[in-house]
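*Asks:* Starting off with a structure, shown below.
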Amino acid sequence: MDKPVLLTKEGLDKLQAELDQLRTVRRGEIAERIKYAKEFGDITENAEYDDAKNEQGMLEGRILTLETMLRNAVIIEQGPEAGVVQLGSTVEVRDEYGVQVFTIVGPAEVDVPAGRISMESPVGKALLGRRVGEQVAVQSPGGTRELQVVRVR
């Protein structure tokens, strides 16, 4: 049984755009590569053909994954409790290195360089349910890290 995939509205739009691009553009490009590779003759020892077929398999796998994710998507909306860290919240925290900003998202939308962390990550789990001013200790492979919630949007 497929489990729900928690997404923000932006995350849903991004996955839908990726799916549309794979279906409309990438499928055609790979089909052209396969057609071109077949023109070389015998496909049993044709590296270009094998590579294109492998890429086609990976593409179709990604399309199936995206279709399943979108079919099971549950949109995250800010709840009624303002000022409390929850799924979809943007949180400003302070630690010994300075101030950082995170958006708490479902696992399908993680983009650490962009500050989008999973609710299942150590930091995400520790921040959920916290309010401005609260201190939280986060266990990570590098040791314990103290964070203070500065702002919640």
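*Asks:* One residue is enough: does region 66-80 have a residue meeting the conditions over 17 Å from the mean Cα position of the chain (by Cα) and farther than 30 Å from Val105 by Cβ?
*Replies:* no
*Asks:* Which residues, counting only those in region 40-73, are out of contact with any helix residue (DSSP H, G or I) (no Cβ under 8 Å at 6 or more places or on another chain), within 29 Å of Gly11 (Cβ to Cβ) and not polar (S, T, N, Q)?
*Replies:* Gly57, Met58, Glu60, Gly61, Leu64, Arg71
*Asks:* Looking at Val132 and the list (1) in contact (Cβ under 8 Å) with a residue 24 or more places away in the chain; (2) under 30 Å from Glu18 (Cα atoms), which single condition is not satisfied?
*Replies:* (2)
*Asks:* Select from region 119-150 the residues that are within 20 Å of Leu12 (Cα to Cα) and surrounded by fewer than 20 Cβ atoms within 10 Å (Cβ to Cβ) and list them in ascending order.
*Replies:* Glu120
*Asks:* If you don't mind, another one. Determine the pairs where a residue that is at positive phi, located within region 97-115, has a partner that is buried (at least 16 other Cβ atoms within 10 Å of the Cβ) with Cβ atoms under 8 Å apart, the partner being 6 or more residues away or on another chain.
*Replies:* Gly115/Phe102; Gly115/Thr103
*Asks:* Please go through region 135-153 and give me each residue that is more than 24 Å from the chain's Cα centre (by Cα), over 15 Å from Gly124 (Cβ atoms) and at pLDDT 90 or above, ordered by number.
*Replies:* Gln135, Thr144, Glu146, Gln148, Val150, listed by residue number.
*Asks:* OK, next. How many of the residues making up region 80-118 are more than 18 Å from Gly11 (Cα to Cα), assigned by TED's automatic domain parsing to the domain that holds Thr144 and assigned to a loop (DSSP other than H, G, I, E, B)?
*Replies:* Residues flagged as more than 18 Å from Gly11 (Cα to Cα), assigned by TED's automatic domain parsing to the domain that holds Thr144 and assigned to a loop (DSSP other than H, G, I, E, B) within region 80-118 amount to 2.
The values are calculated or read from the model by the stated rules, or taken from the named source; none is laboratory data. Quick caveat: nothing in here was measured; it's all calculated off a predicted structure. Positions of Cβ are generated from backbone atoms using ideal geometry, with glycine treated the same way; all protein chains shown enter the neighbour counts.
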